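Report on the following structure.
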Amino acid sequence: MIKVKFWGVRGSIPCPGPKTMKYGGNTACIELRFPEVNRQVIIDAGSGIRELADYMLANDLPKGPIVTEIYLSHTHWDHIMGFPFFVPMYIPSTRIRVFGPVTYEDDPLEVVVGGQMKYRYFPVNMGELASSIEYHRLKEEPLIDLGDGITLSTTIINHPILTLGYRFSFRNSVFCTAYDTEPYRNLFITDPDHPDYDELMAQEGEEVAREQNQVLERFFQGADLLVHDAQYTRAEYEQNKVGWGHTPIEDAVAAARRAGVKQLALFHHDPVRTDDQLDAMALTYCDPALTAPMQVFFAREGQEIVI
């Protein structure tokens, strides 16, 4: 059994206010609990991790020192901005292991994530933290044994910087993430009338894009719960969002159906998207008559799912 809770579901920037109260305005943070082996995993340290920290102080700390693991999908600011506000870091007994990819070879994960904790940005310096924090750089790996019967697979997904999708397996339960990402596409000229058109290159580009999209679908094949990027509609994406690293909702739903996913959480909502708009979109994209047997929903802060 894996208990999943969403603490932040937005992309790009926090967007608190009366129009986002239902789905929430915090950026990405997902918590996994493995109660049978007493393990906790946190995926991404967006602004939602602050409220998770408050919950842990009230409910976990009274039972003993906090020991947790944070897995970063990537290091764009909306996915790490809550890290300085993760209060357990300031408690001497806390033990934290931080995992994630970094794009630039000369910068270790500690510098990329902790670099925002400098006096010019924040009143507490990274070196002043009281807890024990270890940093571990991740790459694409087919299988990592995390102990206690938990395994992790990682895959590179399509975003402007190195970003990983995660697949956590525990006994018969599988939880996957595929965000921030957009479908791979042919980068070569496909218009035969264009003066630089090359038929062979165009055909090869189509094949490569198709193969890479199939790789990602195989990665989340049969997942009990998939959290997938769905920041835009197809119309919004094609208008002026191509290359931004995010997926049209229609593509996310279609890919998950092909992969036999059981539950699909549409995630990384655009910050300008209101609760009313998401409710209206749910009528279109989450209709069981169109998605069954797969269950599709727009993720909400505070939402809990057991798989």
* Of all residues in the stretch 210-263, which are open to solvent by less than 60 Å² (accessible area, probe 1.4 Å), modelled with pLDDT under 95 and charged (D, E, K, R)? -> LYS241
* Asked: Listed residues LEU266, LEU290, LEU226; which is free of Cβ contacts under 8 Å to residues at least 24 places away in the same chain and not acidic (Asp, Glu)?
  -> LEU290
* Asked: Any chance the stretch 93-101 includes a residue that's more than 22 Å from ASP60 (Cβ to Cβ), touching a residue at least 40 places away in the same chain (Cβ under 8 Å) and assigned to a loop (DSSP other than H, G, I, E, B)?
  -> yes
* So which residues in the stretch 286-307 are open to solvent by 30 Å² or more (accessible area, probe 1.4 Å) and over 20 Å from the mean Cα position of the chain (by Cα), if there are any at all? -> ASP287, PRO288, ALA289, LEU290, ALA292, PRO293
* the stretch 272-307, residues that are in contact with a strand residue (DSSP E or B) (Cβ under 7 Å, 6 or more places away or on another chain) and among the charged types (D, E, K, R) -> ARG300, GLU301, GLU304
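Residue by residue, here is whether (1) charged (D, E, K, R); (2) in contact (Cβ under 8 Å) with a residue 60 or more places away in the chain; (3) over 23 Å from GLY100 (Cβ atoms) holds:
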residue	(1), (2), (3)
ILE13	no, yes, no
CYS29	no, no, no
LEU32	no, yes, no
ILE42	no, no, no
ALA53	no, no, no
LEU61	no, no, yes
GLY64	no, no, yes
VAL67	no, no, no
TYR71	no, yes, no
* **Every residue from the stretch 25-41 that is in contact with a Cys (Cβ under 9 Å, 6 or more places away or on another chain) and of a type in the set (Gly, Ala, Ser)** => GLY25
* To do: Return the residue satisfying two criteria in turn: it lies in the stretch 102-115 and is open to solvent by less than 30 Å² (accessible area, probe 1.4 Å) and part of a loop (DSSP other than H, G, I, E, B), and of such residues it is farthest from ASP270 (Cα to Cα).
  => GLY115
* Just checking, how many residues over the stretch 71-129 are farther than 20 Å from THR154 by Cα, of a type in the set (S, T, N, Q) and in contact with a Pro (Cβ under 9 Å, 6 or more places away or on another chain)? -> 3
* Asked: Considering only the stretch 116-148, how many residues are part of a loop (DSSP other than H, G, I, E, B) and among the β-branched types (Val, Ile, Thr)?
  -> 1
* Asked: Give me the pairs: first residue in the stretch 146-172 and modelled with pLDDT under 95, second residue of a type in the set (S, T, N, Q) and open to solvent by 40 Å² or more (accessible area, probe 1.4 Å), beta-carbon distance under 7 Å, and six or more apart or on different chains, which are they?
  -> ILE161/THR103; LEU162/THR103
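Which of the residues that make up the stretch 113-132 are over 30 Å from PHE220 (Cα atoms) and of a type in the set (Val, Ile, Thr)?
First, pick out the residues of the stretch 113-132 that are over 30 Å from PHE220 (Cα atoms): 114-132.
Listed by number, the list holds a single entry, VAL124.
Could you check how many residues of the stretch 29-69 are farther than 23 Å from PRO271 by Cβ and not small (Gly, Ala, Ser)? First the steps, then the outcome.
Taking the stretch 29-69 and keeping what is farther than 23 Å from PRO271 by Cβ, we get 32-41, 55-69.
Those left that are additionally not small (Gly, Ala, Ser): 32-41, 55-57, 59-63, 65-69.
So the answer is 23.
The values are calculated or read from the model by the stated rules, or taken from the named source; none is laboratory data. As the structure is a computational prediction, the values presented were derived from the model and not from experiment. A quick note on method: Cβ atoms are made from the backbone with ideal geometry, for glycine too, and the neighbour counts reach across all protein chains shown. Keep in mind that these areas ignore ligands, DNA and RNA; they rest on the heavy atoms of the full protein, side chains included. Shrake-Rupley method; radii C 1.70, N 1.55, O 1.52, S 1.80 Å.
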